[in-house]
Every structure is written in C-alpha cells, then in structure tokens.
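These notes are about the structure you will find just below.
Just so it is clear, none of the values below were taken in a lab; they were calculated from the coordinates. Note that the structure is predicted; figures quoted are calculated from it, not measured. Please note: Cβ atoms are built from the backbone with ideal geometry, for glycine as well, and neighbour counts cover all protein chains shown.
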Amino acid sequence: MSAEIIDGKAAAATLRARVGELAAGFAADTGRKPGLAVVLVGEDAASAVYVRSKGKATVAAGMASFEHRLPADTAQEDLLALVDRLNADDAVDGILVQLPLPEGLDADAVLQRIDPDKDVDGFHPVNAGRLATGLNGFVPCTPLGCLMLLKERLGDLSGLNAVVIGRSNIVGKPMAALLTQASCTVTVAHSRTRNLAHHLAGADIVVAAVGRANFVSGDWIKPGACVIDVGINRTDDGLVGDVDFASAASVAGAITPVPGGVGPMTIACLLRNTLVAAHRRAGVALAADAI
Ligand SMILES: Nc1nc2c(c(=O)[nH]1)N[C@@H](CN(C=O)c1ccc(C(=O)N[C@@H](CCC(=O)O)C(=O)O)cc1)CN2
Ligand SMILES: [Mg+2]
C-alpha cells in the first residue's frame, strides 16, 4: 500500500473540539447554548444510531439537543406541524429531519417547510440555490466534510481535475458546486456515464458517492490521486465503501477509509453548521476563518 490514509475520525474530533470552544463563547455572550433539533420518524435501525450519535455529539460540544421521535405511521400534516413549531422556537437554531423518511411521507415537502436559516443540513432549495450562486447559506454536511478533508491534505485545490461520481442532491451536486467554487475543473459522473475509467484517468481528486460497494477499481485511479469515499455499504464482508480500498490504496496518494473517513466528518460538520446558524440568528459575529 502506498497511499496515506486520511483519518476522518481524527479530523472530526479536532473540528468538534473547535466547535465546542466557540459554542462556549457563544453561550457566554448570549446567555444561551446553540440548539439543534433532530427529528426521527420510524424505526430504521441505522437512522436511530445516527440520531443517537448526533444527540451525544451535540451535548458533548456544549449545545442543546432536542430530539423528536415519531412513529412510522405519522401523518404528513403532523410532521409538518412539528417543523412549524421548531421553526418558531427561539431555542432552536438548527433543524434536521433524519433521512430516509418512511414510505408514504413526502420528504421534499418536509425539507421545504424548514426555515432555510435553520436548515443546518443544507437540503432546502434556498440553500442549494445559495450554494450554486456563491451566496452564504448552509452546505450539506457530507460534501462539506469531504471538502475539509481535501483541503487539509492538498491545500489549495485551484486548477486540479476532480471527478465526482454520483449526482444526488445530498452529496454529488453540492460536492461538484463546492469543488467548482474552489476552482477545480469538475466532471460529474453517474450511472449512465460512458467509460468512467477514461474520466478518472485524469482526475487528481475522486469523490465516490454512488452507493455501490467496491464500484471504483484501483486500475482506474490516476497514480497519486486523492480519493474520497463517501459510500457506506453493508456487505457480507462488513462495511465497505464505493471504492475498492485495497486496489485503490496501492495507486492513490491519499484515500479515506470506510469506516473512519467521511462518515465522522458528517456529524462534526452538522455541529459546525449549527454553531454558524446560532451566530447568524443571534446577530453575533463569527470570523470567516474561525472554523
Ligand atoms: N438528515 C440527514 N439524513 C441523512 C444524512 C444527513 O447528513 N442528514 N446522512 C446520512 C446518514 N448520516 C447522518 O445522518 C451518517 C452516516 C454515516 C455516519 C458515520 O459516521 N459512519 C461511520 C460508520 C458507521 C456505521 O457503522 O454505520 C463511518 O463512516 O465511519 C455518520 C452520519 C443519511 N441520512
Ligand atoms: Mg447517483
């Protein structure tokens, strides 16, 4: 193996600690803690684990956590009514509805009901528009975490060729926007892309977010490339990413592992976004380079 293994767990711990320091400053200045409300609908086992981790991380960073658990048969109007209450609650700076929602609920309608200035997941179309046009908004946590790992490893990304594999609203599209803003030359590949290997051959940066276990082969990776694996696939061999780790690690310059790569950054960036939301809502300045 030649690649440096990018330690997302360590980077996330550093970010969470910094958020904690700034949250303590915010509480001292305003007399209240930044608050994050998390809504979980139904019994999805993985979602329950993520929601518990978010609650614990929120409290550990000195913020207030408000957890709302609703049954899987919750009516759309009841879920929307809860979002309305959280929008109006001054103690709540950030609102997150854990995805996926149970069948029968319209996730788009729920996400669009969240006040864009409390949308710490960055999924509201207003925040997607702000990102696309270079305005200050909230950036989805997973691509934000990927960008932080890339900058930590590579510094200035300007002029680099990046291939994002996947075009979801949650990862692929915002990732491409962030890399474009960082002056990369960006290709977005997806399930219909012809000859992916050809596109990857020139890629200094690869972000894989296709949701298919071991999909990206090391043979396709440019020697020395930085490979960010967003995939979390449960297989008979355990948890694996979208990149075939063993073959890619022998060619890449750096690579994120699964687990312990991008995943931990998702929750750390959620805390970061909540801290930013609290400052904006309270009209308290937060230096652009503070975090
Ligand atoms: N409202 C949201 N829903 C979902 C999001 C999101 O950002 N907002 N992302 C994913 C789930 N997710 C957080 O919600 C998440 C996924 C994975 C991890 C993580 O740390 N993974 C570990 C492995 C953990 C395991 O064993 O399963 C890792 O990669 O090291 C954190 C958060 C979908 N829904
Ligand atoms: Mg896709």
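Tabulated data
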| item | result |
| --- | --- |
| Cleavage-rule hits (trypsin sites (Lys or Arg not before Pro)) in segment 148-205: DSSP loop, at most 12 neighbouring Cβ within 10 angstrom | ARG192, ARG194 |
| Footprinting exposure proxy for MET175, MET63, MET148 (fewest neighbouring C-beta atoms within 10 Å first) | MET148, MET63, MET175 |
| Rg [Å, one decimal], Dmax [Å, integer] - segment 30-116, C-alpha atoms | 12.9, 41 |
| Residues ILE114, ILE95, ILE232 arranged by fewest to most Cβ contacts within 10 Å | ILE232, ILE114, ILE95 |
| Per residue convex hull volume, Cα atoms of segment 139-214, in Å³ | 89 Å³ |
| Per-q log10 I(q)/I(0), the chain, q = 0.14 Å⁻¹ (Debye; single scatterer per alpha-carbon; no solvent) | -1.04 |
| Per DSSP, loop trypsin sites (Lys or Arg not before Pro) in segment 18-87 with at most 16 further Cβ within 10 Å | ARG32 |
| Segment 141-263 - percent relative contact order, Cα under 8 Å, separation 6 or more | 22 percent |
| For segment 133-148, 3J(HN,Hα) per residue [Karplus equation, 6.51 cos²θ - 1.76 cosθ + 1.60, θ = phi - 60°, Hz, x = Gly/Pro] | 9, x, 8, 6, x, 10, 9, x, 5, 5, x, 4, x, 4, 4, 4 |
| Sites excluded, GluC sites (Glu not before Pro) in DSSP loops with at most 14 other C-beta within 10 Å, longest stretch of the chain | 104-291 |
| Pairwise label distance in nanometres, ALA288 with ALA246, each label 7 Å out on the Cα-Cβ vector | 4.7 nm |
| Expected 222 nm ellipticity per residue - DSSP helices of 4 or more, -39500 (n - 2.57), all of the chain, to 500 | -13000 deg cm²/dmol |
| Using a Förster distance of 25 Å, the FRET efficiency for SER183-LEU135 (Cβ separation, nearest 0.05) | 0.90 |
| Mean shadow area of segment 209-291 over all directions, Cα convex hull, nm² | 6.9 nm² |
| Fewest-first ranking of LEU82, LEU150, using other Cβ atoms within 10 Å as the exposure measure | LEU82, LEU150 |
| Residue-span extension gain [VAL49 to HIS198] - 0.36 nm each, minus C-alpha spacing | 49.8 nm |
| Residue-by-residue Karplus 3J(HN,Hα) for segment 60-68, coefficients 6.51, -1.76, 1.60, Hz, glycine and proline x | 4, 8, x, 10, 8, 10, 10, 9, 10 |
